[in-house]
Amino acid sequence: MRIHYYLEVDKENKIKCLKCGRVICSASENYKKHVPRAEVWPSELPGQHPAKEDALVLYYEYYCPGCFTLLDVEISERGAPPLWDIQPKF
Amino acid sequence: MAKYIIGVDTGGTYTDVCVIDEKGHITIGKAPTTPKKLEDGVMDALENAAKALQISRKTLLSNTISFCQGTTIGTNALINRNGVKTGMITTKGFEDTIYIQRAIGRVEGLHPDEVRHQAVLTKPEPFIPKRLIKGVTERIDCFGKVVVPLNREEVKAAVKELLSEGVQAIAVAFIWSVENSTHEEEATKIISEVAPNIFVNMSHKVAPLIREYGRFNSVMIDTYIGPIMIQWYKSLYERLREEGFTHEMLTAQVWGGVMPYHAMMPIGTINSGPVGGVLASKRMAELLEKPNVITTDVGGTSFDVSVIAEYEPIRGREPPIMRYRVNIPMVHISAIGAGGGTIAWVDETNHLRVGPLSAGALPGPICYGRGGTQPSVTDADLVLGILNPDYYLGGRIKLNKEASSKAIEGLGKKIGLGMIETAKAIFDLQNAHMADLLRLVVTRSGYDPRDFALFCYGGGGPTHGAVYGRELGFKEIYMFENSAVWSAFGLSSGDIIRIFQRHRYLRIPVDVNVVNGTFRELEKEALDEMKKIGFGKEEIVLRREMSIKFGRQVNVETIPVPSKTYIEQDVDQICNTFVEHYRSLYGEGAAFVEAGMEIMTFIVHAVKPAILPAIPKMKLEEEDPSYALKGKRNVFLPEVEKFVPVNTYEFGRLKPGNLIVGPAVIEAPTTTMFILSGQLGRVNEYRNLKISEGG
Amino acid sequence: MAENKFPSWGDNAGRDIGGGRIPSLNEIKQYEKLDPVEFDILSHRLYSIINEGRQAVMRVSGSPVVAEGGEALFAAYDAYGSTASLACGLLLHVIGTEGFMREILELQWDAPGVFDGDIFMYNEPLIGGIHACDQWTGTPLFHEGELIGWLGSLTHTAETGAIEPGGMPPSSRSLLHEGYRVQGIKIVEKGKLNKAALNGVLRSTRDPSYYTLDLRARIAGLNVAKQRIKQLIARYGVKKIKAVMQQDMDHSEELARAKLKSLSDGTWRAVNYGDWDIGPGPKLWKVMLTATKEGDQLTLDFTGSSEANEGPVNCMIWGTWGSIFVAIASQLFWEIPGNAGMVRPLKLIAPEGSLTNVRFLTPCVMCPPLPGRHISNVVTTIIAKMLYTNEKYWGDINAPWCTMSWMGSFWGGTTQHGYVSAGMFGDGWARGTGAGIDEGRGDGCDTGALQMTIESCIPDVEMNELMYPFLYLWRREEVDTAAPGRWRGGASVSLAVVPHNTPSVTIAFRGTGKYAEEGQSLDGAYPPSLGRSGPAAIVRLKNLKEEMAKGVKPNNIEDFKDYIITKGGRFRYVNPFEASQRVTENDVILSLNAGGGGTGDPLDREPDRVLVDVQRHIFSLEMAKEVFGVIIDAQLEAVDEKATKLKRENIIARRKEKGKVWDGD
């Protein structure tokens, strides 16, 4: 069952990357806690963003550990735990 | 020597020719449209008509005094996106005007059900790519004052860039050019010097009204299709001349008139086909002395509605061409997908639906036997007994009733209804949709349906007209038999009309000299222009209008105003007329009089009245229609919900004066007329059928 | 939904309300079901009548807000105020009006009673509507001694006698600052205008004729629709009309539940941030949503959202419902006829005192955009994620739409025609929509809409310049506002205006995005930005008009900077909210909007598509390179495929280097 542009829950109830097939974690967990994440300040990107000294939130980028496709760019307060944004029942 | 008037409508599938002789007799010619070389189809159709008249095509054309052509070339060029490569020179900072589309472009022209599907909507693609839009430094404000002078060097550079990209035409579109056109004119002059072979167009000429999105779209479209249309008309005209035609070739224009082709506005030819139908209605309305008419045209795909008020077709404010809003005065035609080929289907929630998709004429309804697989409105009409399977289109197509029945039965199974119940449901839903649109159009126009006569034409109009006419309470329903060439007939009797407009924002109280001066200028421009086209002052009738609004409100209404030199009291009177008109349209208390009145546009219609084809007016004979009686057929009557044997008549054998008591079916080669019980059908002196309640 | 049980007289009792009898709640829910064809025809007929009512409102009002902006709602309700059929321009206004009829019934059934020909007025945000600008007028429908339903019409009126002109004062610190609030008073009693009641409003607003015009418009709509419904009853009988109202709602409920059932159960969460309250510095606040779907029920829980703000950036409960409805009706239940049935499968948990459910007298006039947009955004986000679980709906998945906006929206002063006026720049409605995915729209629609207004429409520049004392330097699709992703969001509009031909004019700013990113994207796309013309500012250029007369016309922010260096002037960067302040003919007011959200990793966007984006000034060369990893030549002719491959590999390598798995709990 698909749950994300790049992710699905497979027959073994595992969250899996649709691009590279990498199994990430059990579907009963928050995939964001099992993938690499990086801190990015909005001002690092082109366009008009809050200046770093003004910014109250930043981006956490979450990557597939297999193919390093960008799975999510989460606007978050610094140091906040990953948001459990997808919690399917199965 | 015979004198012929010819109207030609080049449709998608067929080219129709309508030849009217000096006595008013109509001869029809028809030939398949030849998409690669449209003029061939026209000549073929003329040949077909000539044959029917038992004369040569050359003889026909040599004796033709008026020839009017309506065509879909422009529309097709837009749909297929094969107009000329066009560039635009515009005010720097506003290059994205035709892309922003005031945001509304995203939903313009879509059916309300489509609009709900927000997740997938996109805007229509403009006809000029962004890289061919060059902004130049210049700026004029709302008073026409030059705030930033035109940078001539930038214009030259822009033209050179566009030339290097291979553009064949350039549209010049500056902000506020309607208030002060000097920059557009200067830029055009520069373009003509740098690139003398390029087709150049100015926005203030194409659409001299405020509101730049509509105006820029107008010049974009006019430029994109202009060269192609001009070329085609020239080719056709040359062919006609070769065969002895010596008069002006006219073309339909979408504001409800015709123009000599060499003076036409290309954008004015788009959607001009349906306008032919409205013109025909206008002509009939004048003949029948019915100043207020709602016209309904049921073709294969769509149900088109327009309003004629005081003998004038109502024009839309900011009408769209397809999904592009333009500032061209256009006869306002509302359409929904409710034609004869409209498909009946069952949706996911197991509800029966009718439309909006259609099988058109090809493959068409299942009963046509041309490969249609989905039951349509025509199939339901057939199964309900309204249509005669052996006499459809004069017997040219034999309708397969069994195939229709089977398909409708299959549909009914999905929703647990029998075959006839399903056919009845399709009929009901179709009529309900038509009635709903009709109601919407009429009330939106501000008029009461009970004050209007209803005209029904098109293949399916007379078949459903009695039902939706009764639904809305029309007292007089007219049905026309010559539906196939209705549009061509309309074109052949259109006045030559050119509408001249000038944006001039004036707040009341206004200096009467300014008003007089503006109209004087505009009328001079109109007469000069008509002279250039070939019509002297004595041939032209001028009519004046003004577009006015209230200060805090967006609704602009156009009212006719007298042709004279005004004094102050005259202007007061115009204001009173406007307030009355506004009240009648929008309701008591709708006029925000405290906000003051503002004149927005001065309008002059330059009209050269048409050489009217004679329409034979016949003597009224006896009421008894038995001469035309064909027999009886079981028809499902909605009023009693069962099959009842009903008289069928041959339209061709009816005589003026005949009175037919409903229920009845009247079969004509191009349409079938259905009269309900409780209605009376009277054949009038022009051999139209007039239906009213009674009997 | 309501705190107290309604009706207080129980579900099994009817009562006499003066003009007739209201049947019991259970009684009106019993009806003989119409067969499918008759239901379709009658349902459509009822909708046509409601639509006609709305058209009448728009035509009679003719105000830009109502007639062009489409901010008019018209609805038919059953006897107890449930919305049976509606026509609207702004999805915000829909469900929230039901509270008005409930309070009328509860408080007025006995005294003064409810009679045929009564028209009630309401604009109390605690009870319904959204905010004090939203004026609701409603009338009961009686037939042979029985209350069979109501008709209601609502318009946004941009002047309410609040502490600042324009109806939405940023300086509000209490509901008491936000204008008059009418509490269900009869403006018309048994067909006769109650002039004293009308004066209650007219003497409390700066613009009494504007109010009167919109009131007349709403009344005109009510009269037209009432007449048509009478005709409908005469034709089909009152039983069928009552039945179609209930069946409309039940039908929508059925469809909504069926759709929910076809999606997987689960819980989804989303957060949206805002960055300003009352100043002087920023304040980070958030809307937090936990959505749980179980079977055919969807629970929306806003626990975790910030506490109420001190300024008017708050929603009362009806504002929250309205903002939820914007997303639900346009993204999830788009194919379902809009009425109360559609929201029956939804349950709302909004903690009292949070900015999604502020207490009485808390300021809330900014609710529709702030935090309304945030509420719509988080709901859109969880809908998108839910829709992935059924392939049938992949075509409808959309990233959130409405994102940051930072506009010098409100102006007031003397126009070029010499009279005093005020208004709002409506250009902000031309914003990018969210992107879809492969099976759907793909890229978002540029300068297309605000999610709350399904037929978003902005005025022509020429109309604004005719009516307002301003000259536009530009209005364009702003580069780098679209969210970069495998599918990009839609770009949004930016504008620069200069006061023109006016002795005196003020401008006020409203926005977010100086300190915190607001807009979300989906599944690997970056959030959208405010573009390259910002930040929002008032730029003073010396002797601007004289320079323009010589041929100078600054067209972008770099031109401003050059101008300031060579001829003088200065930037004044504004706060997201700035109260009205005087500006002159030398001041350029810069307004920005961020674009729509995108979907998917930008590295998955085909380089040729990115080339087209750059050619269309949607993305800059820098964005193409740094975010998409696509190298394009300076003439914008072609993609350098080799360099692109290398750059994209570098970006991946950098991700590998920077990424660390979360090691907390």
Scanning the range C:54-93 residue by residue, those of a type in the set (G, A, S) and under 16 Å from the mean Cα position of the chain (by Cα) turn out to be C:G69, C:G70, C:A72, C:A87, C:G89
Only listed residue being closer than 30 Å to C:T157 by Cα and either buried (at least 21 other Cβ atoms within 10 Å of the Cβ) or in contact with an Asp or Glu (Cβ under 7 Å, 6 or more places away or on another chain) (or both), chosen from B:F550, B:F602, B:F519 = B:F550
Go through the range C:26-50 and give me each residue that's at the interface with chain B (Cβ under 7 Å from one of its Cβ atoms) and under 27 Å from the mean Cα position of the chain (by Cα).
-> C:H44, C:S48
Of those in the range C:294-314 that are among the small types (G, A, S) and on the phi < 0 side of the Ramachandran plot, the residue modelled with the lowest pLDDT is C:G311
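For (1) touching a residue at least 40 places away in the same chain (Cβ under 8 Å); (2) on the phi > 0 side of the Ramachandran plot; (3) assigned to a loop (DSSP other than H, G, I, E, B), each residue gets a yes or a no:
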site	(1), (2), (3)
C:L471	no, no, no
C:A482	yes, no, yes
C:G513	yes, yes, yes
C:V552	no, no, yes
C:I565	no, no, no
May I ask you to say which residue of C:V610, C:V614, C:V639, C:V630 is modelled with pLDDT of 95 or more, over 21 Å from A:H49 (Cβ atoms) and crowded, with 18+ Cβ neighbours inside 10 Å?
-> C:V639
Mind checking which residues of the range C:177-215 are within 14 Å of chain B (Cβ to nearest Cβ), without any contact (Cβ under 8 Å) to a residue 60 or more places away in the chain and among the hydrophobic types (A, V, I, L, M, F, W, C)?
-> C:L193, C:L198, C:L202
So, of the residues in the range B:290-318 that are small (G, A, S) and touching a strand residue (DSSP E or B) at 6+ places or on another chain (Cβ under 8 Å), which turns out to be modelled with the highest pLDDT?
-> B:S306
May I ask you to list the residues in the range C:23-79 that are in a loop (DSSP other than H, G, I, E, B), under 19 Å from B:H433 (Cα atoms) and not hydrophobic (A, V, I, L, M, F, W, C)?
-> C:D35
Are any of the residues in the range A:19-36 surrounded by fewer than 15 Cβ atoms within 10 Å (Cβ to Cβ) and within 7 Å of chain C (Cβ to nearest Cβ)?
-> no
Options B:G244, B:G256; residue that is at positive phi and surrounded by fewer than 18 Cβ atoms within 10 Å (Cβ to Cβ) = B:G244
Pull up the range A:64-84, narrow it to residues that are surrounded by fewer than 23 Cβ atoms within 10 Å (Cβ to Cβ) and under 10 Å from the mean Cα position of the chain (by Cα), then point me to the one that is farthest from the other protein chains (Cβ to nearest Cβ).
-> A:E74
Inspect all residues belonging to the range C:2-21 and state whether any of them is surrounded by 20 or more Cβ atoms within 10 Å (Cβ to Cβ) and within 11 Å of chain B (Cβ to nearest Cβ).
-> no
Just name the residue that is surrounded by the fewest Cβ atoms within 10 Å (Cβ to Cβ) out of those in the range B:126-143 that are in a loop (DSSP other than H, G, I, E, B), touching a residue at least 12 places away in the same chain (Cβ under 8 Å) and more than 7 Å from chain C (Cβ to nearest Cβ).
-> B:F143
Could you say which residue among B:G214, B:G276, B:G226 is within 22 Å of B:Y457 (Cβ to Cβ) and in contact (Cβ under 8 Å) with a residue 24 or more places away in the chain?
-> B:G276
What do you reckon, is B:A610 among the hydrophobic types (A, V, I, L, M, F, W, C), outside any helix (DSSP H, G or I) and surrounded by 20 or more Cβ atoms within 10 Å (Cβ to Cβ)?
-> yes
Look at B:S445 and say whether it is in contact (Cβ under 8 Å) with a residue 24 or more places away in the chain and out of contact with any helix residue (DSSP H, G or I) (no Cβ under 6 Å at 6 or more places or on another chain).
-> yes
Residue pairs qualifying under the 6 Å Cβ cut-off, at least six apart or on distinct chains, with the first in the range B:533-561 being away from chain C (no Cβ under 14 Å) and the second being aromatic (F, W, Y) and part of a helix (DSSP H, G or I), are B:I559/B:F578
Taking A:K89 and the conditions (1) within 7 Å of another protein chain (Cβ to nearest Cβ); (2) without any contact (Cβ under 8 Å) to a residue 24 or more places away in the chain; (3) buried (at least 16 other Cβ atoms within 10 Å of the Cβ); (4) on the phi < 0 side of the Ramachandran plot, which numbered condition does it fall short on, given that it satisfies the others?
-> (3)
For residues in the range B:535-556 being touching a helix residue (DSSP H, G or I) at 6+ places or on another chain (Cβ under 6 Å) and within 12 Å of B:M600 (Cα to Cα), which is modelled with the highest pLDDT?
-> B:I548
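Residue-wise test of (1) farther than 30 Å from C:I397 by Cβ; (2) more than 9 Å from chain B (Cβ to nearest Cβ); (3) among the aliphatic types (A, V, I, L, M); (4) free of Cβ contacts under 8 Å to residues at least 12 places away in the same chain.
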residue: C:C445; (1), (2), (3), (4): no, no, no, no
residue: C:I454; (1), (2), (3), (4): no, no, yes, no
residue: C:R488; (1), (2), (3), (4): no, yes, no, no
residue: C:R510; (1), (2), (3), (4): yes, yes, no, no
Going through the range B:342-366 one residue at a time, which ones are among the aliphatic types (A, V, I, L, M) and free of Cβ contacts under 8 Å to residues at least 60 places away in the same chain?
-> B:I343, B:L357, B:A359, B:I366
If you go through the range C:470-486 one residue at a time, do you hit one that is within 7 Å of chain B (Cβ to nearest Cβ), over 30 Å from C:A87 (Cβ atoms), surrounded by 23 or more Cβ atoms within 10 Å (Cβ to Cβ) and touching a Cys at 6+ places or on another chain (Cβ under 9 Å)?
-> yes
Is one or more of the residues making up the range B:387-395 out of contact with any Pro (no Cβ under 7 Å at 6 or more places or on another chain), closer than 18 Å to B:Y14 by Cβ and among the aliphatic types (A, V, I, L, M)?
-> no
Residue match in the range B:38-61 (condition: without any contact (Cβ under 8 Å) to a residue 60 or more places away in the chain and in a strand (DSSP E or B)) | no
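The values are calculated or read from the model by the stated rules, or taken from the named source; none is laboratory data. This structure is a prediction, so every number in the text was calculated from the model and none was measured. Every residue, glycine as well, gets a Cβ built from its backbone with ideal geometry; the counts of neighbours run over all protein chains shown.
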